[in-house]
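J.: The structure follows.
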Amino acid sequence: MSDGMVSKLKSALQNFGHRLIDQFWRLGSASRLFGYTLASSGESLRRPFLVIREIYFTGVLSLIIILVSAFFVGMVLALQGYNTLQKYGSSEAIGVLVALSLVRELGPVVTALLFAGRAGTAITAEIGLMKATEQLSAMEMMAVSPIARVIAPRFWGGVISMPLLASLFSMVGILGGYLVAVPLIGVDGGAFWSQMQASVDFREDVMNGFIKSCVFGVACTMIALFEGYDAPPTAEGVSRATTRTVVNSSLAVLGLDFVMTSFMIS
Amino acid sequence: MTDNIVEIDNLSFGYKGRLLHKGINMSFPRGKIVAIMGGSGSGKTTILRLIGGQLKPVKGEVRVGDKVVHEQGRNDLQKLRRKMGMLFQMGALFTDLSVYENVAFPMREHTSLPETMIRDLVMMKLNAVGLRGARDLMATELSGGMARRVALARAVALDPEIIMYDEPFAGLDPISMGVICNLIRNLNDALGATSLVVTHDVKEAFSFVDYVYFIADGVVVAEGTPAELRESTLPFVHQFVHGEVDGPVPFHYAAPDYRRDMLRGHDV
Amino acid sequence: MDRTKIDLWVGIFAAIGVAALLGLAMKVGNLTTSNIGETYTVTAAFQNIGGLKPRSPVKSAGVVVGRIDAIQFDSATYEAKVTLKLDKRYLFPKDTFANIYTAGLLGEQYIGLEPGGDEEYLRENDKIMQTQDAVVLEKMISQFLYSKATETKE
């Protein structure tokens, strides 16, 4: 290898090493922010309206996309599921298939991904802009902790919204599946529900799904908050930060999903 | 107990090995308006942040009252900050609140006054800056000058002892500039406070401040009353005050010889 | 965005969210059919439990009357010791049979209790003496082949 190639390789490796260490540094930074957020949550308890306001912005305003998506996902599950099940003469298990897919996996995961895209980016952009226009600095100078006043309420708002949204997603998805399976395809309505009730276990399936959505809520909201807080105070910086929010949230959700599922299936 | 409300003692500050300030000494007497001037990037705004405790010095001390700012614990630092009001360059109003709510913010956070009293106080502060009629507008609906005046009302909401202004004249039309000058002077005298104005606007600043500090290359290169500085023969001060094109602050950014640079493209 | 409107919408949101969760729990899951009542514990020993798992149902006459609490290996008798938790409302005579059945052809396995005729009932920590093991497919096949082989011999 010539000198030029060696030095290019060296700088590529250095670059990579730098970026890797940078990621670790950012992870540490994010963990620190997480710690501060939890520690500063007293204000959110004392003034619940701050949290309620954030539940509105992250939860209520995400309802439309969540419910519409849930409906479509449920319908597709029913269609695809019926297509395969009827080959084995088990088309009456369609209720079980739709319910379990939604409650165990699709409900929490798809909700989290949609949440990251809609509410997560909104949070990142808002915090990033507040930082860029010195609003957070102004708050600090007025002896008000921006973490207690701005970050923590948004954290709790997201954490509370997510499981509610996931439950709604699963419920509406099942409804959508029902509407396709029973009136449209002609599966027996009674069998749909009774098979579902026999196979879906509250603790194993519903509770596990709920726990998953809570964990996703913490992860997605914290990532969104951190990216906004850490963003360079420029237009480009904020825009890159929102992209990072979606990417990192999605990776975190899918990774955590795998980890939690492997714990739960045992 | 000195007569200075803020004292900066041999302050050094910097990032990542590069020092921005290399031993700065300043004192700000009670009741006076002091300007901190210098070229862009000379670290003027950073001094305000050091006074407010948002940054920690590398060496030296910043004292407010008799307390060293960076040695204060969180609660004491918050108490210290309540004595200060800061006007940020672009206003930094909270964009999701109205004008009224912006000015009421510090009152609601730090006092337990009933809403009726808060209303009276907010009206008084807005009236002082001439924007009482704009109280229900959203912060995003204001023009630059108006936003800055509201931010000023918010900065003095709790009658601070120290009011800091970060480039208050930047980007304003002549009328607004005159208004702000007036407000700074009147508020300072009415509240008996001390005002620190960071700016590079010589004409406006010299028209109403009591004392000026000049910063360049990380140190205080000159200080005095506006009258004294107008007469100064120090090259930097002279260039700055009279707006000369070339002097200690060179016109040309460092570059190789002109002739050689131009010929380089055509050389054989 | 005025305060009362936000409060209203968040209230509605929280209400339907919780309703969805409850709906999932009740209608979709089987929270209502799981043991809410008091239970008493009995044990049973099997030579082969097949695919029986903790929390598998214990049924009698097809109705769920309890759940399997734990399955352990008894190294003294080399048998599987299964701990059952039965609903206190249902008492079974001491000579009840505990058999391992499969729901459907390939479904999950459960314990079916067939009551005997004893006048005394099973109490807390009693042991069910009559048990029938799970049907293991390989054993069935080898039995079938063996019987087929002896048939042709004759």
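J.: So, residue A:107, is that one within 10 Å of another protein chain (Cβ to nearest Cβ), crowded, with 22+ Cβ neighbours inside 10 Å and part of a helix (DSSP H, G or I) or not? Talk me through it step by step, then tell me what you get.
T.: On the way: within 10 Å of another protein chain (Cβ to nearest Cβ): yes; crowded, with 22+ Cβ neighbours inside 10 Å: yes; part of a helix (DSSP H, G or I): yes.
Judged against the criteria, residue A:107 is a match.
J.: Let me ask something else about it. Looking only at the range B:28-51, count how many residues are closer than 13 Å to residue B:213 by Cβ and not β-branched (Val, Ile, Thr).
T.: Selection size over the range B:28-51: 10.
J.: Continuing with the same structure: If you go through the range B:119-140 one residue at a time, do you hit one that is assigned to a helix (DSSP H, G or I), closer than 20 Å to residue A:131 by Cα and either among the charged types (D, E, K, R) or away from chain A (no Cβ under 14 Å) (or both)? Write out each step before concluding.
T.: Narrowing the range B:119-140 to residues assigned to a helix (DSSP H, G or I): B:119-128, B:132-134, B:139-140.
Then keep just the ones that are closer than 20 Å to residue A:131 by Cα; that gives B:139-140.
Remaining after also requiring either among the charged types (D, E, K, R) or away from chain A (no Cβ under 14 Å) (or both): none.
No, that holds for no residue.
J.: Residue by residue through the range C:116-154, note down the ones that are more than 30 Å from residue C:94 (Cβ to Cβ), hydroxyl-bearing (Ser, Thr, Tyr) and at pLDDT 80 or above.
T.: Initial filter on the range C:116-154 (more than 30 Å from residue C:94 (Cβ to Cβ)): C:137-138, C:140-154.
Filter once more, so that each one left must be hydroxyl-bearing (Ser, Thr, Tyr): C:142, C:146-147, C:150, C:152.
Listed by number, the residues that qualify are C:142, C:146, C:147, C:150.
J.: Could you please let me know if residue B:51 is in contact with a helix residue (DSSP H, G or I) (Cβ under 8 Å, 6 or more places away or on another chain), within 14 Å of chain A (Cβ to nearest Cβ) and touching a residue at least 40 places away in the same chain (Cβ under 8 Å)?
T.: Details: in contact with a helix residue (DSSP H, G or I) (Cβ under 8 Å, 6 or more places away or on another chain): yes; within 14 Å of chain A (Cβ to nearest Cβ): yes; touching a residue at least 40 places away in the same chain (Cβ under 8 Å): yes.
Criteria met by residue B:51.
J.: Looking at residue A:124, is it in a helix (DSSP H, G or I), more than 14 Å from chain C (Cβ to nearest Cβ) and among the hydroxyl-bearing types (Ser, Thr, Tyr)?
T.: Details: in a helix (DSSP H, G or I): yes; more than 14 Å from chain C (Cβ to nearest Cβ): yes; among the hydroxyl-bearing types (Ser, Thr, Tyr): yes.
Yes; evaluated as a whole, the condition is true for this residue.
J.: For the range B:89-114, how many residues are closer than 16 Å to residue B:140 by Cα, of a type in the set (A, V, I, L, M, F, W, C) and within 12 Å of chain A (Cβ to nearest Cβ)?
T.: Looking only at that region, the number is 6.
J.: Let me ask you something else. Within the range A:232-248, is there a residue that is touching a helix residue (DSSP H, G or I) at 6+ places or on another chain (Cβ under 9 Å) and among the acidic types (Asp, Glu)?
T.: No, the range A:232-248 contains no residue that is touching a helix residue (DSSP H, G or I) at 6+ places or on another chain (Cβ under 9 Å) and among the acidic types (Asp, Glu).
J.: When you go through (1) touching a residue at least 40 places away in the same chain (Cβ under 8 Å); (2) over 12 Å from the mean Cα position of the chain (by Cα); (3) away from every other protein chain (no Cβ under 14 Å) one by one for residue B:43, which number turns out not to apply?
T.: (2)
J.: Give the residue, chosen from A:161, A:137, that is among the polar types (S, T, N, Q) and away from chain C (no Cβ under 13 Å).
T.: On the way: A:161 fails: away from chain C (no Cβ under 13 Å).
So the residue among A:161, A:137 that is among the polar types (S, T, N, Q) and away from chain C (no Cβ under 13 Å) is A:137.
J.: Here is a follow-up. Of all residues in the range C:125-154, which are loosely packed, with under 10 Cβ neighbours inside 10 Å and not in a helix (DSSP H, G or I)?
T.: C:154
J.: Take the conditions more than 8 Å from chain A (Cβ to nearest Cβ) and at pLDDT 80 or above and apply them to residue C:14. Does it pass? If you could, list the steps in order and put the result at the bottom.
T.: Working: more than 8 Å from chain A (Cβ to nearest Cβ): no; at pLDDT 80 or above: yes.
In short, no.
J.: Check the range B:75-86 and report whether any residue there is more than 8 Å from every other protein chain (Cβ to nearest Cβ), part of a helix (DSSP H, G or I) and exposed (fewer than 15 other Cβ atoms within 10 Å of the Cβ).
T.: Yes, that holds for at least one residue.
J.: Another question, then. Regarding residue A:211, is this residue within 14 Å of chain C (Cβ to nearest Cβ), crowded, with 23+ Cβ neighbours inside 10 Å and in a helix (DSSP H, G or I)?
T.: no
J.: In addition: Can you tell me how many residues in the range B:209-236 are in a helix (DSSP H, G or I) and at pLDDT 80 or above?
T.: Pass one, the range B:209-236, residues in a helix (DSSP H, G or I): B:226-231, B:235-236.
Restricting the remaining residues to those that are at pLDDT 80 or above gives B:226-231.
The total comes to 6.
J.: Given the residues B:220, B:179, B:212, B:202, which is the only one that is farther than 30 Å from residue B:150 by Cα and either touching a residue at least 12 places away in the same chain (Cβ under 8 Å) or surrounded by 17 or more Cβ atoms within 10 Å (Cβ to Cβ) (or both)?
T.: Values: B:179 fails: farther than 30 Å from residue B:150 by Cα; B:212 fails: farther than 30 Å from residue B:150 by Cα; B:202 fails: farther than 30 Å from residue B:150 by Cα.
Result of the check over B:220, B:179, B:212, B:202: B:220.
For (1) surrounded by 13 or more Cβ atoms within 10 Å (Cβ to Cβ); (2) modelled with pLDDT of 80 or more; (3) part of a helix (DSSP H, G or I); (4) within 14 Å of chain A (Cβ to nearest Cβ), each residue gets a yes or a no:
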residue	(1), (2), (3), (4)
C:24	yes, yes, yes, yes
C:41	yes, yes, no, no
C:45	yes, yes, no, no
C:67	yes, yes, no, yes
C:73	no, yes, no, no
C:84	yes, yes, no, no
C:100	yes, yes, no, no
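J.: Right, next: In this structure, does residue B:92 turn out to be at pLDDT 85 or above, in contact with an Asp or Glu (Cβ under 7 Å, 6 or more places away or on another chain), closer than 27 Å to residue B:212 by Cα and not basic (Lys, Arg)? Reasoning before the result, please.
T.: On the way: at pLDDT 85 or above: yes; in contact with an Asp or Glu (Cβ under 7 Å, 6 or more places away or on another chain): yes; closer than 27 Å to residue B:212 by Cα: yes; not basic (Lys, Arg): yes.
Taking the combined requirement at face value, the residue satisfies it.
One line per residue, one yes/no per condition, for (1) touching a residue at least 40 places away in the same chain (Cβ under 8 Å); (2) closer than 17 Å to residue B:36 by Cβ; (3) surrounded by fewer than 18 Cβ atoms within 10 Å (Cβ to Cβ):
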| site | (1), (2), (3) |
| --- | --- |
| B:153 | yes, no, no |
| B:156 | yes, no, no |
| B:168 | yes, yes, no |
| B:173 | no, no, yes |
| B:183 | yes, no, no |
| B:188 | yes, yes, no |
| B:193 | yes, yes, no |
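J.: Just the residues that are of a type outside the set (Phe, Trp, Tyr), facing chain C (nearest Cβ under 8 Å) and in a helix (DSSP H, G or I), please, taken from the range A:173-202. Spell out the reasoning first.
T.: Going residue by residue through the range A:173-202, those that are of a type outside the set (Phe, Trp, Tyr) are A:173-177, A:179-191, A:194-201.
Subsequent filtering for residues that are facing chain C (nearest Cβ under 8 Å) retains A:174, A:196-198, A:200-201.
A:174, A:196, A:197, A:198, listed by residue number.
J.: Return yes or no: is residue A:217 in a helix (DSSP H, G or I) and within 11 Å of chain C (Cβ to nearest Cβ)?
T.: Numbers: in a helix (DSSP H, G or I): yes; within 11 Å of chain C (Cβ to nearest Cβ): no.
In short, no.
J.: In the set C:51, C:116, which member is part of a loop (DSSP other than H, G, I, E, B) and closer than 25 Å to residue A:198 by Cα? Please lay out each step first, then the result.
T.: Values: C:116 fails: closer than 25 Å to residue A:198 by Cα.
Answer to the check: C:51.
The values are calculated or read from the model by the stated rules, or taken from the named source; none is laboratory data. On a predicted model such as this, the values are computed, not experimentally measured, just so you know. Here Cβ is always computed from backbone atoms with ideal geometry, including for glycine, and neighbour counts include all displayed protein chains.
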